[in-house]
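The block underneath contains the structure these notes are about, expressed in structure tokens.
Readers should treat all values here as calculations from the given coordinates under stated rules, not as data from a laboratory. Keep in mind that this is a model prediction, so the values were computed, not measured. Glycine also receives a Cβ, built like all others from the backbone with ideal geometry; neighbour counts cover every protein chain displayed.
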Amino acid sequence: MSLQIIESTIAASIATKQQLLADTPRLDTLATVASHVSKSLKSGGKVMLCGNGGSAADSQHIAAELIGRFEKERASMAALALTTDTSALTAIGNDYGYDQVFSRQVEGIGQPGDVLIGISTSGNSANVVKAMEAAAHKNITTVALVGDKPGGAMQAMADFVLAAPATNTARIQECHILMMHILCQLVELESD
């Protein structure tokens, strides 16, 4: 029984990634986003990331890959996860409501030319949607990292949509980290 579950889960993950691999428009969008991130960083901009739960962890993971390193030695890149400052998160949540915890940070530290990557498997996380709205008002490029669940608000408002070809949360998250690792790889290659 356990072996069957393990095998079917791995097979489902592989199948989802094969769908992604076969979807040239999605891959083209990923390359375009990487180019925008690279241009922003080269011109003194920064990458901000936000999400909830596992997507918060992914935000921190990718910010660390950019500010530290991914696969090669290079200069540090300006990146931060808006999910990590507990004093800001709790103060904003207490004073303004949880749906404002990321948008207030974007309002305070975001600058025109920056990039905001909002991560939500549903595409409807209220606090990520508000962050994207705040970014749009400041001429910050917005990227929605979502799944193929219909009706997501983020898909309709983002400059770029990187949608995992899945509706299952685990498969979406697995594709998200794959796409973000590819983004890091491409940005590093363009950093020379």
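For the pair ALA78 and SER35 in one chain, pulling the backbone fully straight at 0.36 nm per residue adds 14.0 nm over the alpha carbon distance.
When only the Cβ of Lys, Arg, Asp and Glu is charged (+1, +1, -1, -1), the dipole of the chain relative to its Cα centre reaches about 100 debye. Projected label points at LEU189 and ASP95, each 7 Å from Cα along the beta carbon direction, are separated by 4.4 nanometres.
Its Cα centre serving as origin, the range 1-87 has a Cβ charge dipole (Lys and Arg +1, Asp and Glu -1) of approximately 340 debye. A viscosity of 0.890 mPa s and a temperature of 25 °C, combined with the Kirkwood radius over Cα pairs in Stokes-Einstein, give a translational diffusion coefficient for the range 47-107 of 202 µm²/s.
Extension gain for HIS137-SER8 works out to 42.0 nm (0.36 nm per residue, less the C-alpha to C-alpha distance). For the residue pairs LYS72/LYS130; LYS39/LYS149; LYS17/LYS130; LYS39/LYS130; LYS46/LYS130, the alpha carbons lie more than 28 Å apart in LYS72/LYS130; LYS39/LYS149; LYS17/LYS130. Among the listed options (i) 104; (ii) 127; (iii) 113, the one matching volume of the Cα convex hull per residue in Å³ as calculated from these coordinates is (ii).
Descending by average beta-carbon neighbour count within 10 Å, the peptides 69-79, 141-151, 110-120 line up as 110-120, 141-151, 69-79, the highest first.
Working note: Cα atoms of the range 1-85, range along each principal axis, descending, whole Å: 52, 33, 26.
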